[in-house]
1. For Val60, state whether it is within 25 Å of Leu100 (Cα to Cα), β-branched (Val, Ile, Thr), in contact (Cβ under 8 Å) with a residue 12 or more places away in the chain and in contact with a Ser or Thr (Cβ under 7 Å, 6 or more places away or on another chain).
2. Please go through (1) small (Gly, Ala, Ser); (2) surrounded by fewer than 15 Cβ atoms within 10 Å (Cβ to Cβ); (3) in a strand (DSSP E or B) for Ala76 and return the number of the only condition it doesn't satisfy.
3. Can you tell me which residue within the stretch 38-52, out of those that are charged (D, E, K, R) and either in a loop (DSSP other than H, G, I, E, B) or without any contact (Cβ under 8 Å) to a residue 24 or more places away in the chain (or both), is nearest to Thr3 (Cα to Cα)?
4. Take the residues of the stretch 10-37 that are part of a helix (DSSP H, G or I) and of a type in the set (S, T, N, Q): which is farthest from Leu137 (Cα to Cα)?
5. Return the residue satisfying two criteria in turn: it lies in the stretch 57-67 and is of a type outside the set (Asp, Glu) and under 19 Å from Cys125 (Cα atoms), and of such residues it is most open to solvent (accessible area, probe 1.4 Å).
6. As an exercise: evaluate Ala44 against (1) within 21 Å of Ala124 (Cβ to Cβ); (2) open to solvent by less than 30 Å² (accessible area, probe 1.4 Å) and give the number of the one condition it does not meet.
7. Restricting the stretch 53-73 to residues that are modelled with pLDDT under 95 and outside any loop (DSSP other than H, G, I, E, B), which is nearest to the chain's Cα centre (by Cα)?
8. Count, please, the residues in the stretch 20-41 that happen to be open to solvent by less than 20 Å² (accessible area, probe 1.4 Å) and either at pLDDT below 95 or of a type in the set (Asp, Glu) (or both).
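The values are calculated or read from the model by the stated rules, or taken from the named source; none is laboratory data. Note that the coordinates shown come from a computational prediction; the quantities given were computed from them, not determined experimentally. Here the Cβ positions follow ideal geometry from the backbone for every residue, glycine too, while neighbour counts run over all protein chains shown. SASA here: full protein model, heavy atoms, side chains in, ligands and nucleic acids out. Shrake-Rupley method; radii C 1.70, N 1.55, O 1.52, S 1.80 Å.
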Amino acid sequence: MATSNLDYCGSGFWVRDEQAEVWLYLLAQEAKAVADAPEWLAGACDDWEMQATTGFVGFVSSCLDEHLGTDPARVALALHLSERVLQRLLARTPAIPKDLVNSYGTGGHDAGFDVDLPVEPVLACGRAFVSLLRKQLPPGHDSWAC
């Protein structure tokens, strides 16, 4: 199983590609729902969706430095959207049905997911993502990946 380093401002964490892809897909969907979204968010949404659905093996990127930079308002909105995705994932516990997750088009998987996708690993990715945005260590990590 391939892994990617999701990074921001010189720090990052390693995550399995399928978890990063599902997380970024759900984040993009949440961003699409923002009324009167700023232009930068539309660009970020496009990148997140492309990263989620192209099937980059070992090279999934959140593009945070490009779209957020260090702008506090952008980081705050990304945090808000991420918290909303976490809540939606919690509502899906213990697993996202395989038919639903296959409808996302994540991972460039030819055959798709043949079983329901456990929510906990995607939640862990999301929690680490939120920590990254807050410039805090992800839960369960004693150092950042580089």
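1. So Val60 fits the description; yes.
2. Result: Ala76 passes all but (3).
3. Selected residue: Asp47.
4. Our first condition is that a residue be part of a helix (DSSP H, G or I); within the stretch 10-37, this holds for 17-32.
This time we only want the ones that are of a type in the set (S, T, N, Q), so: 19, 29.
Values: Gln19: 19, Gln29: 26 Å.
Looking at residues that are part of a helix (DSSP H, G or I) and of a type in the set (S, T, N, Q), I get Gln29.
5. Once the filter is applied, the top-ranked residue is Phe59.
6. Of (1) within 21 Å of Ala124 (Cβ to Cβ); (2) open to solvent by less than 30 Å² (accessible area, probe 1.4 Å), only one is false for Ala44: (1).
7. Thr53
8. Looking only at the stretch 20-41, we keep the residues that are open to solvent by less than 20 Å² (accessible area, probe 1.4 Å), and these are 20-24, 27-28, 30-31, 41.
Still in the list and also either at pLDDT below 95 or of a type in the set (Asp, Glu) (or both): 21, 30.
Here the count works out to 2.
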